[in-house]
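Just below is one structure, and these are the notes that go with it.
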Amino acid sequence: MYKIVAKKELAPKIKLFEVYAPEIAEKAKPGQFIILIIDEKGERIPLTIAGYDRKKGTVTFVFNEVGKTTKQLGLLKEGDSITNITGPLGNPSEIKNFGNVLCIGGGVMIAPMLLQVKALREVGNAVTTVIGARIKDLLFFEEEMKALSHKFYVATDDGSKGYKGLGFLKEFIEKDRFDRCIAMGPVVMMKTVCEITKPFGIPTIVTLTPIMVDGMGMCGVCRVTVGGQMKFACVDGPEFDGHLVDFDGLINRQRMFLPEERLSSLLWEKLGGCGCGGK
Amino acid sequence: MAENKPTPKVKKKAVPMPKQKPEVRRRNFNEVALGYTEEQAIEEASRCLQCPKPQCVPGCPVEIDIPAFIKLIREGKFDEAVKKIKEKNSLPAICGRVCPQEEQCQMNCVLGKAGDPINIGRLERFVADWERQKGVTIPEKAPATGKKVAIIGAGPAGLTAAADLAKLGHEVVIFEALHLPGGVLVYGIPEFRLPKSIVQAEVDYIKKLGVELRLGYLIGRIHTIPELLKEEGFDAVFIGTGAGLPQFLGVPGENLGGIYSANEFLIRVNLMKSYAFPEYDTPIRIGRHVVVIGGGNVAMDSARSALRLGAEEVCIVYRRSREEMPARKEEIENAEEEGIICKFLANPTRFIGDEKGWVKQMECICMELGPPDESGRRRPVPVKGSEFIMNVDTVIVAIGRTPNPIIQRTTEGLAVTKWGTIVVDENGRASLEGVYAGGDIVTGEATVISAMGAGKKAAKAIHQYLMNKK
Ligand SMILES: Cc1cc2nc3c(=O)[nH]c(=O)nc-3n(C[C@H](O)[C@H](O)[C@H](O)COP(=O)(O)OP(=O)(O)OC[C@H]3O[C@@H](n4cnc5c(N)ncnc54)[C@H](O)[C@@H]3O)c2cc1C
Ligand SMILES: Cc1cc2nc3c(=O)[nH]c(=O)nc-3n(C[C@H](O)[C@H](O)[C@H](O)COP(=O)(O)OP(=O)(O)OC[C@H]3O[C@@H](n4cnc5c(N)ncnc54)[C@H](O)[C@@H]3O)c2cc1C
Ligand code: SF4
Ligand code: FES
């Protein structure tokens, strides 16, 4: 059992949990993820590690309430427990002094991006950050990110804050010479970033989030095509060279269980599991 | 005594196993074979000739004293019969159900020459079930030795090693990466062949011996083996991480929706209980026309699970012929009785998707059997120009599994073969001091009983190592 020691709402439907998991906290590194299962009937879902405190023995993750499991998770309170958390999983990010790094965090993945930015700064990189979301209300960690960045930009899909879309990247990529780009966020966003950085030859690292079950290389549901080869995102990744990733294949595989996921979420709400009393 | 020689009185036919009827069981996940009654068990046991030089015993990978336990059953001393088996095999309820007895003990039984061999597996299962219903007694443990052993992986190899070491008085901790213990017994072999309550009972027994289970610990990521030995205070480590890495065909279209590895499919169905979706949260989608690629136990289990999930038609596509199929004969028969179709001498060459990225067709090529290969089986070779198309909406790829790689990647100095299996000596000792390994991680995909035997052997060697260590 893993106890939730702190819970925060960062934006509508985006929640942060800090859980007591000293052994995971001890070993966690930026770029890795955990898999949790809320209770014995639950699904195993992967979430990226967004922070850890080795002294307190806690691990932090931030999630978006998109379906049954994340909505159910969102109802848990401080002091409640999660049946099982497995981690850390996946390979840690490569953290070293690359020079001038461009970090782009989209949506809920702004949270783990903050952890990476911290780590990159600690080893001496100059970091330019961009955070993005669909609309301005869904942005979070602006101040924290700004404080760590040499340059800081905001973008939203609808232009309600900062730049509209990511098109603006082209202009300043031409001016600033970046040695590396790191993108974490929705697949479509990472795909766009890669299309922009490729002509400039900037090595671009993306975090792939295919559907996963075990997260340890046993099922193959997380297979992605990278450089024409089949890779398992959970053990070979989750970070890959974005210029080699087949994003369309990934988008297709992420949609595989859409009808079942909708059914599960709908039924749960109908039965009042969401706490609305079946209304 | 007349008992020693075949007499005309010996019944040639085995007592048949009561089973669920095919038309009923093909749509439920309850156990297919129902087990002998006391009378049936005694009747079957009475056929045994009590051979002075029993042929069955050398056929058993852990050399259970088969005639002795059968004699005890015949005399109605079920308690003593279980004890006899447990001298060598700590998981009889499981082995009685899933061991390939027809290739092991039963293959050698003298009665098999002119009739049915003794049904040793069913008798083993009978006494183990009898004991479980009555309540298992916990054996006495040796006094505490003050030594600590880490077991990695809670499959049959790890569970057996843990039980034996705990009985010898060592402090034992099992680290299992999944959220439930059992290895293939819980995530692979389906409920209708091996009810999960039986695996749970074995795990409970091991816990009662004082073994600590830590679930959700992927060793190699959370602690490495050197860390367990140097920082976490363990005196020895046993690796029983199994062969769980799924193989794919490597043909175009394999990433389309609706194409599962057998492991994914079985993990969803068994470990995550997708068959009870949406009561359980993990979804599974099963189409009307399911094909399973492969010819082993894993293919059979996948096909029979797909049928139970409501598929209209399930077809197994295998590249060799029936004779070469590695699955247990009994399970092939069970599958065919349930209405599963086998298509032999065919192999997929590509998958074709619909506009939504879901598989809709599979192209295959016909095969013919050439001269035997290294495995001694005739090698299948494609027949030029014989491609044909099958309409499918679910594909399950069950063409083999290789060793889980994480430990090997994260343990410096651990000797590994080019197939990724861990190198050990005849006692299960690996190339690093205090490190032992056994089961599928050493042999590649094998059997429950061989994994269990390896766990036992390593436990013995670990015990010696610990007692000699200052
Ligand atoms: C390595 C990895 C790290 C991740 N890190 C985070 C994180 O830090 N925070 C976070 O909120 N989410 C993260 N995700 C995604 C998260 O696991 C899914 O959102 C979650 O499983 C959805 O479960 P659900 O039952 O609530 O929704 P479901 O009912 O399963 O799905 C609801 C919707 O979410 C989509 N979805 C399902 N699985 C994924 C997925 N793997 N990636 C993207 N969309 C998906 C579905 O297509 C559907 O539209 C990560 C995924 C991976 C593989
Ligand atoms: C579908 C299927 C049907 C089968 N049917 C039969 C049958 O009828 N009869 C038969 O005799 N055999 C059968 N087998 C084979 C048999 O199940 C295996 O040979 C046996 O389970 C091997 O045991 P093991 O203990 O070596 O490994 P496993 O049972 O594979 O257990 C290994 C365990 O280690 C865990 N693990 C892996 N890596 C790590 C890590 N780094 N840290 C912590 N834990 C880890 C895994 O999660 C797993 O729980 C079948 C196999 C399958 C897949
Ligand atoms: S089981 Fe068969 S081989 Fe073994 S003792 Fe009985 S008759 Fe002989
Ligand atoms: S999630 Fe199962 S292999 Fe990656």
Residue-wise HN-Hα coupling along the stretch B:60-74, computed from phi with Karplus coefficients 6.51, -1.76, 1.60 (Hz; x: Gly, Pro)
8, x, 10, 6, 5, 6, 4, x, 5, 6, 5, 4, 5, 5, 4
Descending semi-axes in whole angstrom, ellipsoid equivalent of chain B, from the Cα gyration tensor
36, 31, 21
Inter-chain shielding of B:274-282 (mean C-beta neighbours from other protein chains, 10 Å cut-off)
6
Please compute the Cα-Cα pair-distance distribution of the stretch B:1-149 with 10 Å bins starting at 0, giving whole percents from short to long.
11, 38, 32, 14, 5, 1
Could you work out how much longer the chain between A:Asp248 and A:Phe200 gets when fully extended? Use 0.36 nm per residue separation minus the Cα distance between them, nm to one decimal.
15.1 nm
So between B:Asn427 and B:Asp373, what do we pick up on full extension, going 0.36 nm a residue minus the alpha carbon distance?
16.4 nm
Pairs beyond 30 Å (Cα-Cα), from B:Lys147/B:Lys208; A:Lys3/A:Lys96; B:Lys86/B:Lys230; A:Lys96/A:Lys191
A:Lys3/A:Lys96; B:Lys86/B:Lys230
Count, for each residue of B:315-324, the Cβ atoms from other chains sitting within 10 Å of its Cβ, then give me the mean as a whole number.
0
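Give the peptides B:169-176, B:328-335 in descending order of average Cβ contacts within 10 Å, highest first.
B:169-176, B:328-335
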What are the residues whose amide H is under 5 Å from the amide H of B:Leu180, where those residues sit 5 or more places off or on another chain and H is modelled from the backbone?
none
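Report, for the stretch A:100-254, the % of DSSP beta bridges that are antiparallel, rounded to 5.
If we restrict to bridges inside the stretch A:100-254, about 25 percent are antiparallel.
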Express as a percent, rounded to the nearest 5, the fraction of DSSP beta bridges in the protein assembly as shown (both residues included) that run antiparallel.
50 percent
Check A:Leu10: other-chain or 5+ apart residues with amide H under 5 Å from its amide H, H built from backbone geometry?
A:Lys15, A:Leu16
The stretch A:2-89, Cα convex hull volume normalised per residue, Å³
82 Å³
With viscosity set to 0.890 mPa s and temperature to 25 °C, compute the Stokes-Einstein D of the stretch B:65-170, Rh being the Kirkwood radius across alpha carbon pairs; µm²/s, no decimals.
160 µm²/s
Please check: in the Gaussian network model of chain A (C-alpha springs, under 10 Å), which one of A:Asn97, A:Asn125, A:Asn64 has the largest mean-square fluctuation.
A:Asn97
Roughly how crowded by other chains is peptide B:437-450, in terms of the mean Cβ count from those chains within 10 Å of each of its Cβ atoms?
0
Given the Cα-Cα distance of A:Phe172 and A:Leu266 and 0.36 nm per residue of separation, how much length would full extension add, in nm?
29.4 nm
Could you state, as a whole-number percent, how many of the C-alpha pairs of the stretch B:366-417 are farther apart than 14 Å?
75 percent
Reachable aspartates and glutamates, given that their alpha-carbon falls under 15 Å from the alpha-carbon of B:Lys456 and they are not under 8 places away in the same chain:
B:Glu63, B:Glu87, B:Asp164, B:Asp425, B:Glu426, B:Asp440
Cα-based equivalent ellipsoid of the stretch B:323-469: semi-axis lengths in Å, sorted from largest, via gyration tensor
41, 19, 16
P(r) tail fraction, the stretch B:200-295 - alpha-carbon pairs more than 21 Å apart, %:
58 percent
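What is the antiparallel percent of DSSP beta bridges lying wholly in chain B, to the nearest 5?
Of those bridges, close to 40 percent are antiparallel.
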As computed over chain A, the Cα convex hull volume per residue (Å³):
130 Å³
Could you name the aspartates and glutamates whose alpha carbon sits less than 12 Å from that of A:Lys56, not counting residues in the same chain fewer than 8 places away?
A:Glu18, A:Glu23, A:Glu26
Need one word for the stretch B:236-341: rounded, prolate or oblate. Basis is the Cα gyration tensor (sqrt eigenvalues a ≥ b ≥ c); a/c below 1.5 gives rounded, then a/b vs b/c decides.
rounded
Amide H partners (placed H, <5 Å) of B:Glu63, local residues excluded
none
With θ taken as phi - 60° and the coefficients 6.51, -1.76 and 1.60, list the Karplus ³J(HN,Hα) couplings across the stretch B:454-467 in order, rounded to whole Hz; mark glycine and proline as x.
5, x, 5, 4, 5, 4, 4, 5, 5, 4, 4, 4, 5, 6
Please report the equivalent ellipsoid semi-axes of the stretch A:78-189, computed as sqrt(5 x eigenvalue) of the Cα gyration tensor, largest first, in whole Å.
24, 20, 12
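Past 29 Å, Cα to Cα: identify those pairs from B:Lys83/B:Lys196; A:Lys27/B:Lys196; B:Lys167/B:Lys329, in the order given. Kindly include the intermediate steps, with their values, before the conclusion.
Details: B:Lys83/B:Lys196 23 Å; A:Lys27/B:Lys196 33 Å; B:Lys167/B:Lys329 37 Å.
Cα-Cα > 29 Å for A:Lys27/B:Lys196; B:Lys167/B:Lys329; rest within.
How big is Rg to Rh over the stretch B:408-470, alpha-carbon atoms, Rh as the Kirkwood inverse-mean-distance radius?
0.98
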Kirkwood Rh over Cα pairs of the protein assembly as shown into Stokes-Einstein at 25 °C, 0.890 mPa s: D in µm²/s?
88 µm²/s
hull vol. (C-alpha, convex hull) per residue for the stretch A:100-254, Å³ -> 112 Å³
From the backbone phi of the stretch B:325-335, what are the Karplus-calculated ³J(HN,Hα) couplings (6.51 cos²θ - 1.76 cosθ + 1.60, θ = phi - 60°) in whole Hz, Gly and Pro given as x?
4, x, 5, 5, 4, 4, 6, 5, 4, 4, 4
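Each reported figure results from applying straightforward, stated rules to the coordinates on display, with no laboratory input. Since the structure is predicted, the reported quantities are computational estimates derived from the model, not experimental observations. A quick note on method: Cβ atoms are made from the backbone with ideal geometry, for glycine too, and the neighbour counts reach across all protein chains shown.
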